[in-house]
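Chemist: Here's a structure for you.
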Amino acid sequence: MPQRLFPQAGGAEALKEVTYSRNVFIPVTDLCRNLCGYCTFCRPLKEARLVARSEAVDLLERAAAAGCSEALFSMGDRPWEVTGSSALIGQREDLLDYLVELAELALDRGLLPHTNAGLLQEEEIAALAPYNASMGLMLETTAQVDLHRMSPGKSPSVRLAMMEAAGRQKVPFTSGILVGIGEDCMDRIRSLELLADLHRRHGNLQEVILQPLDPKPGTPSACLDPPSLREMSDLVGMARAILPAEVSIQVPPNLVDPRPLIQAGADDLGGLSPISQDHINPNRPWPRLDDLLRMVGRPVRERLPIYPSYVRRGWYGRRTRKVVLDLADRDGFRRSEGYRGSSQGISRRIG
Ligand code: SF4
């Protein structure tokens, strides 16, 4: 399957491309020191898991066979701060070493790691960055909201501090805001302005995710209404006006109809997986990838977990160089011949 589904018509005004990446989601551990009021991902210590090496290898090999380019490693926030956690994850250094080992297993199979390991200190980012094409942390909101009452890691100042550290280290970075968790319109504007300011100073923010709340039954979020499509659409327009033009706006197509949001200025659909589910929103399967790509009404192009401008600048982790150069085309997008899966493999329903 070609990565460009809608070649641009000669002479006509070019429509901006919508991008996506093909990924596998690997939850490293669901142990977390926080207790966010909308989360069904994290588990108490007695039920929590650490992904086994063999399980990760199996997922990575299936992902490589299905033509993925991205291994998304995600986990709870600073799980080593949970009392008694060492029995599951060892010490902080052990888990960081394991994240490096998992990233190397991904690179060995031609997949580029993107790690979202929650809040990290400067030296923890430095330990992981060489093995990652990009890294991420949602800002979520600058507001103090009730759903974050039990979550010290959701303090906006510490999250912004991590993003500053990633900026100083020139790590291509993904962030975003969570919409509908009790913040108001001014809070959203403030969050987006701070993200824009970070990018102006460090130049490393490749995309901002606008993620609508998906209220989960049995959590305090269950009584909240998710933002309407109109609200999301207005927010995309606002974000486009606030963020520098080179920062992409990503909308998750398993949580919101992307079509009006693309009309409003969104230009990325995020990581779409042919083999794994969205572990954060397990009841919200991704739409069929081929259906989705046809319905957006724009040229669609597959990218890597590192955006083209950062590929061209060589801002990827130094241990990822060979795989980046192997997978990227001249423009920094996913190289067509790098795709090794079957069209059948990517078009089946996910999750
Ligand atoms: S930080 Fe993430 S994993 Fe931890 S409770 Fe909050 S949403 Fe769940």
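No lab work stands behind these numbers, since they all come straight from the coordinates. Just so it is clear, the model here is predicted, and its values are computed rather than measured. Every residue, glycine as well, gets a Cβ built from its backbone with ideal geometry; the counts of neighbours run over all protein chains shown.
Chemist: What is the fewest-to-most order of Glu123, Glu183, Glu17 by other Cβ atoms lying within 10 Å of their Cβ?
Modeler: Least crowded to most crowded, the residues run Glu123, Glu17, Glu183.
Chemist: What is the set of long-range amide H partners of Asp77 at a cut-off below 5 Å, with H atoms built 1.01 Å from backbone N?
Modeler: Arg33, Asn34
Chemist: How large is ³J(HN,Hα) for each residue in region 236-251, as worked out from phi by the Karplus curve 6.51 cos²θ - 1.76 cosθ + 1.60 (θ = phi - 60°), to whole Hz, x for Gly and Pro?
Modeler: 4, x, 5, 4, 5, 6, 8, 7, x, 4, 7, 8, 6, 10, 9, 10
Chemist: Using a 10 Å cut-off around each Cβ, can you sort Phe25, Phe333, Phe173 from fewest to most neighbouring Cβ atoms?
Modeler: The most exposed by this proxy come first: Phe25, Phe333, Phe173.
Chemist: Another question, if that's okay. Quick check: from the Cα gyration tensor, does the chain come out rounded (a/c under 1.5), prolate or oblate?
Modeler: Since a/c stays below 1.5, the shape of the chain is classed as rounded.
Chemist: Write down the percent of antiparallel bridges among all DSSP beta bridges whose residues are both part of the chain, to the nearest 5.
Modeler: 5 percent
Chemist: Starting from the Cα of Lys154, draw a straight line to each of the aspartates and glutamates and keep only those under 13 Å, dropping any in the same chain fewer than 8 residues away.
Modeler: List returned: Asp77, Glu140, Asp146.
Chemist: Take each of the peptides 160-170, 213-223, average the number of other beta-carbon atoms within 10 Å over its residues, and list them starting from the highest. Before the final figure, lay out the partial values.
Modeler: On the way: 160-170: 18.1, 213-223: 14.6.
Highest to lowest by the protection proxy: 160-170, 213-223.
Chemist: Next up: With θ set to phi - 60° and the Karplus curve 6.51 cos²θ - 1.76 cosθ + 1.60, what are the ³J(HN,Hα) couplings of region 194-207 in order, to the nearest whole Hz, using x for Gly and Pro?
Modeler: 5, 5, 4, 5, 4, 5, 5, 7, 10, x, 10, 8, 8, 7
Chemist: A follow-up question, please. Using modelled amide H (1.01 Å from N, peptide plane; none on Pro or chain starts), what sits under 5 Å from the amide H of Ser151, excluding residues fewer than 5 places away?
Modeler: When sequence neighbours closer than 5 places are left aside, the close amide H contacts are Leu35.
Chemist: I've got another one for you. Reachable lysines from Lys322, Cα under 21 Å, same-chain residues fewer than 8 places away excluded?
Modeler: Lys170
Chemist: A follow-up question, please. If you count, for each residue, the other Cβ atoms within 10 Å and average over each peptide, how do 109-118, 46-55, 268-277 line up from highest to lowest?
Modeler: Numbers: 109-118: 24.0, 46-55: 12.4, 268-277: 22.4.
Sorting 109-118, 46-55, 268-277 by mean packing, highest first, produces 109-118, 268-277, 46-55.
Chemist: Then there is this: Taking the Cα centre of region 19-339 as origin, work out the dipole magnitude from +1 charges on Lys and Arg Cβ and -1 charges on Asp and Glu Cβ, in debye rounded to 20.
Modeler: Roughly 540 debye, rounded to the nearest 20.
Chemist: Another question, then. Roughly how many Å is it from the Cα centre of region 187-202 to that of region 293-312, as a whole number?
Modeler: Each part's Cα centre sits 23 Å from the other's.
Chemist: Could you point to the residue in Ser273, Leu229, Cys185 farthest towards the positive end of region 19-339's charge dipole, with +1 and -1 charges on the Cβ of Lys/Arg and Asp/Glu respectively?
Modeler: It is Ser273, whose Cα lies furthest towards the positive end.
Chemist: Hey, what do the phi angles of region 55-71 turn into as Karplus ³J(HN,Hα) couplings, whole Hz, using 6.51/-1.76/1.60 and θ = phi - 60°, x for Gly and Pro?
Modeler: Coupling constants for region 55-71: 5, 5, 4, 4, 4, 5, 5, 5, 5, 4, 5, 8, x, 6, 10, 10, 10 Hz.
Chemist: Scan around Gly67 for amide H atoms under 5 Å from its own, H built in the peptide plane at 1.01 Å from N, and keep only partners 5 or more places away or cross-chain.
Modeler: Arg340, Gly341
Chemist: By count of other Cβ within 10 Å, fewest leading, how are Tyr20, Tyr316 ordered?
Modeler: So the ranking, lowest neighbour count to highest, is Tyr20, Tyr316.
Chemist: Take every Cα-Cα pair in region 240-303 and report what % of them are more than 18 Å apart.
Modeler: The share of Cα pairs beyond 18 Å in region 240-303 comes to 36 percent.
Chemist: Return, in residue-number order, each cysteine of the chain whose C-beta is not under 4.7 Å from any other cysteine's C-beta.
Modeler: Result for the chain is Cys68, Cys185, Cys223, no neighbouring Cys Cβ within the cutoff.
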